[in-house]
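Working notes for the structure below.
Read-outs throughout are calculated quantities, based only on the coordinates presented, and are distinct from any laboratory measurement. Here the structure is a predicted model, which means the values were calculated and not measured. Every residue, glycine among them, receives a Cβ derived from its backbone with ideal geometry; neighbour counts consider all protein chains shown.
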């Protein structure tokens, strides 16, 4: 048996920080006990109670996306610096950590995806919940048929003033929040209604069935997207809200902020 | 049969002086009339009843979801380490209680000892002790559970001092359980009661004083949430602050205008009233 440490030495040498993706408790313990080693934990929740932690909004199936998002968040939070050499340990197949890859942090190629969560008006957990909802809805659809949906999250007061009701608001005088277990079912049913869902900063569902009336000038979204995406882009330019759109035609989930498309994910990947 | 024979022999020995010694051939009536035989029957019935009640109790507690409820509490884990469980302990306790009653009743029926004032006292005392022990067990389990629930709730708050709160809750519950248990067995506990009254007074009076604004706000918030005199998106003025409502919750209303966000406690809404601005 050849000496693996020597053969793979160049991957392991001169590492600034070790990045663990969703490690188990004992796994993290081993790393945190080692001296002069910076450990950063990335995951959907901080199950190991690590001090330096970056939260993922979704359990990214694709490794490159998972790593990119984690590192972008770490850069944003200042845990790592531009040009740092990182050793990312993650799991490709089911369960425990089985893959190590060497990545150089690149501050210039920030897509602003992490920004979507960290510096939005609405709470990050709310945006995460809505994103999960949209993905779920995209996966299952309404009775097997693809559906489209538009969620406007945050700055609800302003959004309400820049929109008008298409019909009676089914969420009038209700106090449901995204993330409540019942919401999944409710939104699935209401997604057959046209119009947007308006969600407040703290996650309360303010209204469904809203027709957004922002001024659409100067909104630059990729060609080929429909009225729903245009409305989403425009309302986020006019207000401080974040819009999350599930496309009816191609089934992708997209997130808009400040009139720009920030994130595009395929629900089938999660 | 040999047991019955032995009993018969024993009863003959003990009652030899009382009964006429001539009855050598035991008839069934005579057998039934023997106090010791009666005592044996009572004891036997008691043990059977105890076993049945124990089993039934265990079934009932399991069906009521007690094992899941006590899961993770220190009481349960210490019971586990002794090779038992909370349900097991309670079920055994009820069974042993009935065994004890049966034994006392058997002693009484057998007339072995003079069942005088002392035994009467003991018989009256046993149920009290049983209830007291039960209250203590329930108290400990509930206290542990309350501690778990509270600390679970406070987990998101990264403040070291907050760890004190679950413990205070736990010991409060244990204290109350102790008081109830001691009252059950009739121990004098005026001092403990006075202490408890002081504690309650502190909790209610000082707590009320400290949380006065929060309580007032939440009382107003209940009305605001139920009746929604204004909702998110409305233009309103509270206390001189005008803006668009961004959020209404139990304690506060957030209104925003031109980059300024006012966080107004709900009791101000009731004190000063609200102006709804309509164009």
Query raised in the report: Each label point is 7 Å from the Cα along the Cα-to-Cβ direction; what then is the distance between the points at residue A:59 and residue B:276, in nm?
Result: 4.6
Query - For chain A, calculated [θ]222 nm from helices alone, where every DSSP H run of n ≥ 4 adds -39500 (n - 2.57) - result: -9000 deg cm²/dmol
Query raised in the report: Once you put a point 7 Å from the Cα of residue B:69 and another 7 Å from the Cα of residue A:27, both along the Cβ direction, what distance in nm separates them?
Result: 3.8
Query raised in the report: segment B:227-276: D in µm²/s via Stokes-Einstein (Kirkwood Rh, Cα pairs, 10 °C, 1.306 mPa s)?
Result: 152
Query raised in the report: So which residue, out of A:168, A:28, A:114, gets the largest mean-square fluctuation from a GNM of chain A using Cα contacts under 10 Å as springs?
Result: A:168
Query raised in the report: Using the alpha-carbon atoms, what tilt in degrees (0 to 90, nearest 10) does helix A:227-238 show relative to the longest principal axis of chain A?
Result: 80
Query - Degrees, to the nearest 10: A:181-190 long Cα axis against longest axis of chain A - result: 50
**Report entry** Relative contact order %, chain A, counting alpha carbon pairs below 8 Å whose residues are six or more apart
**Finding:** 16
Query - Estimated [θ] at 222 nm from DSSP helical runs (n ≥ 4, -39500 (n - 2.57)) normalised by residues in chain B, nearest 500 - result: -21500 deg cm²/dmol
Report summary line: Bounding extents of segment B:171-263 in its principal axis frame from Cα atoms, largest first in Å, are 67, 21, 18
Query raised in the report: What residue among A:138, A:73, A:224 shows peak mean-square fluctuation when chain A is described by a Gaussian network model with Cα springs under 10 Å?
Result: A:224
Query - Among B:63, B:177, B:91: highest mean-square fluctuation, GNM of chain B, C-alpha pairs under 10 Å - result: B:63
Query - Tilt relative to chain B, helix B:117-153 - C-alpha long axis, 0 to 90 degrees, to 10 - result: 30
Query - Sorted by Cβ density within 10 Å, fewest first, the residues A:129, A:81 - result: A:81, A:129
Report task. Kindly work out what percent of the DSSP beta bridges joining two residues of the protein assembly as shown are antiparallel, to the nearest 5. Result -> 75
Requested in this report: Work out how much length residue B:120 to residue B:261 would gain on full extension: take 0.36 nm times their residue separation and subtract the Cα-Cα distance, in nm to one decimal.
Outcome: 43.3 nm
Query raised in the report: Given a Förster distance of 51 angstrom, what is the FRET efficiency for residue B:225 paired with residue B:193, based on the Cβ-Cβ distance and rounded to 0.05?
Result: 0.80
Query raised in the report: In nm, to one decimal, how far is the modelled label at residue B:56 from the one at residue A:101, with both set 7 Å along Cα→Cβ?
Result: 6.6
Requested in this report: Starting with the fewest neighbours, write out A:230, A:4, B:189 ranked by other beta-carbon atoms found within 10 Å of each beta-carbon.
Outcome: A:4, B:189, A:230
Query raised in the report: For chain B, what is the per residue volume of the convex hull drawn over the alpha-carbon atoms, in cubic angstrom?
Result: 216
Report task. Compute the semi-axes of the equivalent ellipsoid of the protein assembly as shown, taking the square root of 5 times each eigenvalue of the Cα gyration tensor, and list them largest first in whole Å. Result -> 67, 34, 24
Requested in this report: Please give the contour-minus-distance gain from residue A:77 to residue A:211: 0.36 nm per residue of separation, less the Cα-Cα distance, rounded to one decimal in nm.
Outcome: 44.6 nm
